[in-house]
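Colleague: Mind looking over this structure? Questions follow.
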Amino acid sequence: MACSKELVAASATPLVLSVLAQGENYGYAIIKRVAELTGGEMQWTDGMLYPVLHRLEKQGHIQSEWRSSEGGRRRKYYRLRKEGARQLALEKQKWEVVHSALTSLWEVKPCLT
């Protein structure tokens, strides 16, 4: 059961900010981490992730830096900025509201006719 495009798009910002809150990372590793966290239910592509990263950087939530990896390959590493940590706190509040509402609704026995 793969997640819908709408759910993937809606959750992209809080997921990226949350991954980067655990430490700096590069694009492919972020994609792999999200797949790992979701048990493979969210399979992001470069075309989905990089626009989110560019938008978050333009908004001042993250910053990037080109560096050479251990193997010598140049990678663009992203890290969370203070503004990004504040945005992540807001994102958490929004998702907790949605989670709480759905949990309440799902605990009620359905009224079927």
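Colleague: Do we find that Val52 is under 21 Å from Val98 (Cα atoms), at pLDDT 95 or above and in a helix (DSSP H, G or I) in this structure?
Modeller: When the stated conditions are applied, Val52 does not pass them.
Colleague: Can you pull out every residue in the stretch 1-22 that is more than 13 Å from the chain's Cα centre (by Cα) and exposed (fewer than 14 other Cβ atoms within 10 Å of the Cβ)?
Modeller: Hits for the stretch 1-22 are Met1, Ala2, Ser4, Lys5, Glu6.
Colleague: Of the conditions (1) at negative phi; (2) modelled with pLDDT of 95 or more, Cys111 clears all except one; give me its number.
Modeller: So the condition that Cys111 fails would be (2).
Colleague: If you take the residues of the stretch 80-113 that are among the hydrophobic types (A, V, I, L, M, F, W, C) and touching a residue at least 12 places away in the same chain (Cβ under 8 Å), which of them is farthest from Glu65 (Cα to Cα)?
Modeller: Residue satisfying both the conditions and the ranking: Trp95.
Colleague: Given the condition assigned to a helix (DSSP H, G or I), basic (Lys, Arg) and either on the phi > 0 side of the Ramachandran plot or surrounded by 10 or more Cβ atoms within 10 Å (Cβ to Cβ) (or both), answer yes or no: does some residue in the stretch 67-84 qualify?
Modeller: Checking the stretch 67-84: not a single residue is assigned to a helix (DSSP H, G or I), basic (Lys, Arg) and either on the phi > 0 side of the Ramachandran plot or surrounded by 10 or more Cβ atoms within 10 Å (Cβ to Cβ) (or both).
Colleague: Evaluate the following for Gln87: is it surrounded by 13 or more Cβ atoms within 10 Å (Cβ to Cβ) and closer than 17 Å to Leu20 by Cα?
Modeller: For Gln87, the condition - surrounded by 13 or more Cβ atoms within 10 Å (Cβ to Cβ) and closer than 17 Å to Leu20 by Cα - is met.
Colleague: Scan the stretch 68-106 for residues that are modelled with pLDDT of 95 or more and in contact with a Lys or Arg (Cβ under 6 Å, 6 or more places away or on another chain) and jot them down.
Modeller: Hit for the stretch 68-106 is Tyr77, nothing else.
The values are calculated or read from the model by the stated rules, or taken from the named source; none is laboratory data. In this text, all values refer to a predicted model and were calculated from it rather than measured experimentally. Cβ: placed from backbone, ideal geometry, glycine included. Neighbour counts: every protein chain shown.
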